[in-house]
1. Working only within the stretch 1-10, note down all residues that are surrounded by fewer than 11 Cβ atoms within 10 Å (Cβ to Cβ) and in contact with a helix residue (DSSP H, G or I) (Cβ under 8 Å, 6 or more places away or on another chain).
2. Scanning the stretch 1-24 for residues that are part of a helix (DSSP H, G or I) and of a type outside the set (A, V, I, L, M, F, W, C), which turns out farthest from Ser47 (Cα to Cα)?
3. Restricting the search to the stretch 11-30, which residues are surrounded by 13 or more Cβ atoms within 10 Å (Cβ to Cβ) and either touching a residue at least 12 places away in the same chain (Cβ under 8 Å) or in contact with a helix residue (DSSP H, G or I) (Cβ under 8 Å, 6 or more places away or on another chain) (or both)?
4. Within the stretch 34-44, identify whether any single residue is part of a helix (DSSP H, G or I) and at pLDDT 90 or above, and answer yes or no.
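The values are calculated or read from the model by the stated rules, or taken from the named source; none is laboratory data. Keep in mind the model is a prediction, meaning the values are calculated, not measured. Note that each Cβ is placed from the backbone with ideal geometry, even for glycine, and that neighbours are counted across all protein chains shown.
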Amino acid sequence: KLTENDSIDLDDLLGLAVALVQGQEGVRAVLQSRYRHVMVDEFQDASGQAKQ
């Protein structure tokens with residue numbers, strides 16, 4: 001149903017974000033220069049994909 005509505009769920013969104021950061025060195029460089037640390041709430045509940 002998500003595909004029919006051109007929508008994505010949280011797992012899809014995480015996958016797209018991971019692919020962007022891993023696949024685009026420029027994006028990764030900007031994020032690394034801008035953020036020294038990242039705090040994640042509820043990390044114990046994160047999926048394997050979210051931990052990347």
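1. Quick first cut of the stretch 1-10, residues surrounded by fewer than 11 Cβ atoms within 10 Å (Cβ to Cβ) only: 1-7, 9-10.
The one that is surrounded by fewer than 11 Cβ atoms within 10 Å (Cβ to Cβ) and in contact with a helix residue (DSSP H, G or I) (Cβ under 8 Å, 6 or more places away or on another chain): Leu2.
2. Taking the stretch 1-24 and keeping what is part of a helix (DSSP H, G or I), we get 10-23.
Right, trim to of a type outside the set (A, V, I, L, M, F, W, C) and you get 11-12, 15, 22-23.
Values: Asp11: 9, Asp12: 12, Gly15: 11, Gln22: 18, Gly23: 20 Å.
Looking at residues that are part of a helix (DSSP H, G or I) and of a type outside the set (A, V, I, L, M, F, W, C), I get Gly23.
3. The answer is Leu14, Gly15, Val18, Val21, Val27, Arg28.
4. Here is the first cut: in the stretch 34-44, the ones part of a helix (DSSP H, G or I) are 34, 43-44.
Now narrow it down to the ones that are at pLDDT 90 or above: 34.
Within the stretch 34-44 (the criterion being part of a helix (DSSP H, G or I) and at pLDDT 90 or above), the answer is yes, since at least one residue qualifies.
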